[in-house]
Amino acid sequence: MPKKQFAIIGMGRFGSSVAKALSGMGYEVLAIDSDEQRIQEISEIVTHAVSADSTDEEALRALGIRNFDVVVVAIGEDIQSSILTTLILKDLGVPVILVKAKSELHGKVLGKIGADKVIYPERDMGLRVAHHLASPNILDYIELSPDYSILDMKVPEAMLGKNLKELDIRAKYGCNVMAIRRGDHMNITPNADDRLTSGDVLVIVGHKDNLNRLEIAYQ
């Protein structure tokens, strides 16, 4: 299965954070910004970096934007450009559009014009967004230190009906299942024989590299 391709529009603090995180996870990333300096700064990190006006439909069409699986609109202060860019992306048929909102009102407008998900940077850190984009089963991602993190993973189809002993996550990926959340109940001492059902959420801790391998294996 080919890896997802992402385009990030707007290389401010939030956009560059998402772009760097996705690139670090091995995904193809196109970075777009109207500021040449920002493009130069990110160019060696992402797959492609282009200086372009995202409110210019022809410019986005020329970049083949509709061929990307997900486009993140991370434009900062310019609400008008954010809204217009989202409208153009929708018209061009981009499959999934995520847009950074400056306020609740801005977010409501974005939702009405077709944004698939509205991101509020104060509530959604770039790294968490990147992990969720790459693996929709990842519900949350929390950094404990530069090397170790905790993630909440919705049990994917490949795990349904299996128990922790059969999955052997610790041996295969070097990660530990700390808990299983089922509805409102949190089991913090999961049994190796507990079988996983649809809707279960695994709380897993491990080294970032090992968690990344686990995410990719169960996309």
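Read-outs: derived from the displayed coordinates by stated rules, not from any lab. All of these numbers come straight from a predicted model, not from anything done at the bench. In this analysis, Cβ positions are derived from the backbone assuming ideal geometry, glycine residues included, and neighbour counts consider all displayed protein chains.
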Of all DSSP beta bridges in the chain, antiparallel share, percent nearest 5: 50
Projected onto the charge dipole of the chain (unit charges on the beta-carbon of Lys, Arg, Asp and Glu, signs +1, +1, -1, -1), the Cα from Ile113, Ser23, Ala179 with the largest positive-side position is that of Ala179
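Send over the semi-axes of the chain's equivalent ellipsoid, whole angstrom and largest first, taken as the square roots of 5 times the C-alpha gyration tensor eigenvalues. Before the final figure, lay out each step's value.
Numbers: eigenvalues 242, 64, 46 Å².
After diagonalising the Cα gyration tensor, the semi-axes are 35, 18, 15 Å.
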In whole Å, what are the Cα extents of the stretch 124-217 along the three principal axes, biggest one first? 34, 27, 23
Count the net charge of all other residues whose Cβ sits under 14 Å from the Cβ of Lys162, scoring Lys and Arg as +1 and Asp and Glu as -1. -3
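Roughly what % of Cα-Cα distances in the stretch 81-122 sit above 13 Å, to the whole percent? Please report the intermediate quantities before stating the final value.
Numbers: 372 of 861 pairs.
Everything past 13 Å amounts to 43 percent.
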Counting pairs of alpha carbon atoms under 8 Å apart in space and at least six apart in sequence, what relative contact order in percent does the stretch 124-217 give? 31
Relative to the present Cα-Cα distance, how much length would full extension add between Arg182 and Asp152 at 0.36 nm per residue of separation? 9.6 nm
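Using DSSP to call loops (not H, G, I, E or B), can you name the GluC sites (Glu not before Pro) in the stretch 1-95 whose Cβ has at most 12 other Cβ atoms within 10 angstrom?
Glu44, Glu77
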Inter-probe distance in nm under a simple model that places probes 7 Å from Cα toward Cβ, at Asp209 and Arg61: 4.7
When the charge dipole of the stretch 54-101 is computed with +1 on Lys and Arg Cβ and -1 on Asp and Glu Cβ about the Cα centre, the Cα farthest towards its positive end, among Ala74, Ile88, Leu98, belongs to Leu98
Treating only the Cβ of Lys, Arg, Asp and Glu as charged (+1, +1, -1, -1), what charge dipole size does the stretch 124-217 show about its Cα centre? Round to the nearest 20 debye. 180
Which whole-number percent is the relative contact order of the chain (Cα, under 8 Å, 6+ apart)? 15
From the C-alpha coordinates alone, can you work out the Kirkwood hydrodynamic radius of the stretch 5-119, in Å? 13.7
